[in-house]
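This report refers to the structure that appears directly beneath it.
What follows draws every value from the coordinates through simple rules; no lab data is involved. Quantities reported herein were computed from a predicted structural model and do not represent experimental measurements. Ideal geometry is used to build each Cβ from the backbone, glycine not excepted, and the neighbour counts take in all protein chains shown.
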Amino acid sequence: MAYFEKIKKFGVNGFVPEGWYWLMRSDEVKRGKAYPAKFLTIDLVLYRGEDDQVRAFDAHCPHMGAHLCDGFVEGNSIRCPFHFWKYDELGKCSEIPAQKEIGNMPGLKSHKVREAYGLIWLWTGHEEDTEQVPVVPELVGIPLDSKLGSNFVKNCHPNVVMINAIDIQHFRSVHQLIVDLDMKVTPLTDRCIQFSNITPMPEKNAILKFAKKFYKSALTYEMTYWWGHTGSVMVGPDFLHFYIIFALRPTLDGKTEGQTILVTKKRKGLMGLLVNPILLFATKLVGDYFAKGDTIIFTRINFKYQTPIRADKAIIDFVEHYERQNEATKYSQFQAVPKKETVNS
Ligand code: FES
Ligand SMILES: [Fe+2]
């Protein structure tokens, strides 16, 4: 059997693993107003109540289907623009102006959302929320400063864009990197996998020899993936690591919408005021390099992984880890994963 015939989910449009997906910028959702939002086939209404919490419900009113983004936020509730039915903060129908009793009127289906790094994230998995929004592993538990970087669209599936960060062959060919990377693979959970470079800085010339002094052992380059769609990169010398989160999501027509998030440690006082903006700007340059580096390839690629070789080991580990992840069973309206015919090789 050819390798690509074993791949049922990776890079396949319609498969959405359980996870957090970025939805909107936090600053787009002002208190007391309702907004439409869409993730694949899911139409949502989002609003920020008087308690500052963002809530997300199915967009259309169960009475006659008006879009609730045209309605009114009242406290932490929302009122439909059409016949003024009101739904409370849990989506329960709490008022029908034309009649006294509410009875068992259907409410709004609620969706789990969370704010982090200046983005609103939507949970696509089962009800029980056991996972956190992606993190920078090295900075867990440390106060952070973050800033949203670039926003981009790529003409292929998010999984394919994500390969880029561990595709050792292309670092040499496309980016002319003179360092040979070799990735140690560590699956952290069923949905999270980490790739860390283990090769040292080569001493090929005086500049590299000098740069090597800033790395105790291997050249630091680490990528941690969640659900094959969002990844956090750590790169840089021992005294100064740069951190970028790439938050990607699929579109119905097989494209990728991405957002980079620049992260650094919170620094106190003048240090924080002066140094952090410079560091975050430098991080943005690193992020843009990753995000824009292969634009032409991602415009025309028709992803079909037919002939993996030994140098692709990290990619194969990534693909196989992803193949074992659960579909978001909550969203039955997603297209089913297209069946591929099995051909014996
Ligand atoms: S459509 Fe919403 S109250 Fe009638
Ligand atoms: Fe690249």
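Using the charge dipole of the chain (Lys, Arg: +1 at Cβ; Asp, Glu: -1 at Cβ; taken about the Cα centre), state which of Ile198, Thr256, His175 has its Cα farthest towards the positive end. Comparing the listed Cα positions along the dipole, His175 ranks first. Each other residue within a Cβ distance under 13 Å of Pro62 adds +1 if Lys or Arg and -1 if Asp or Glu, for a net charge of +2. Short to long, the 20 Å bins of the Cα pair-distance histogram for the chain hold 27, 52, 19, 2, 0 percent of all pairs. Alpha carbon centre of the stretch 182-238 versus the stretch 66-138: separation in Å? A separation of 41 Å, based on Cα centres.
Count Lys and Arg as plus one, Asp and Glu as minus one, and take only other residues whose Cβ is under 15 Å from that of Val140; the net charge is then -1. Ordering Ile102, His83, Leu40 by Cα displacement along the dipole of the stretch 20-123 toward the positive end leaves Leu40 in first place; charges were set at the Cβ atoms of Lys, Arg (+1) and Asp, Glu (-1). Under Stokes-Einstein, with the Kirkwood radius over Cα pairs as Rh, the value for the stretch 177-281 at 37 °C and 0.692 mPa s is 206 µm²/s.
Over the chain, DSSP H runs of length four or greater, each weighted -39,500 (n - 2.57), average out per residue to a 222 nm ellipticity of -5500 deg cm²/dmol. Rounded to the nearest whole Hz, the Karplus-based 3J(HN,Hα) values (6.51 cos²θ - 1.76 cosθ + 1.60, θ = phi - 60°) of the stretch 60-72 follow the sequence 9, 5, x, 6, 10, x, 4, 7, 6, 5, 8, x, 10, with x at glycine and proline. Gyration tensor over the Cα atoms of the stretch 88-167: the corresponding equivalent ellipsoid has semi-axes (square roots of 5 times the eigenvalues, largest first) of 39, 18, 13 Å.
Computed from the Cα positions only, the extents of the stretch 223-325 along the three principal axes stand at 53, 29, 25 Å, in decreasing order.
Largest mean-square fluctuation among Thr295, Thr251, Thr283, in a Gaussian network model of the chain whose springs join Cα atoms under 10 Å apart, belongs to Thr295. The calculated Kirkwood hydrodynamic radius for the stretch 137-323 is 17.5 Å, given to one decimal from all distinct C-alpha pairs. Net charge dipole, the chain: roughly 900 debye, given to the nearest 20, about the Cα centre with Cβ charges of +1 for Lys and Arg and -1 for Asp and Glu. Just to confirm the number: angle between the C-alpha axis of helix 313-323 and the first principal axis of the chain, 0 to 90 degrees, nearest 10? On a 0 to 90 degree scale, this one is about 20. Here the stretch 211-268 is described by how far its Cα atoms reach on the three principal axes: 47, 30, 17 Å, from widest to narrowest.
Starting from the Cα of Lys9, draw a straight line to each of the lysines and keep only those under 24 Å, dropping any in the same chain fewer than 8 residues away. The reachable lysines, counting only those whose Cα sits under 24 Å from Lys9, are Lys38, Lys154, Lys184, Lys255, Lys304, Lys313, Lys330, Lys339, Lys340. Using bins of 5 Å that start at zero, the share of Cα-Cα pairs per bin across the stretch 36-141 amounts to 2, 11, 22, 22, 17, 11, 7, 4, 2, 1, 0, 0, in whole %.
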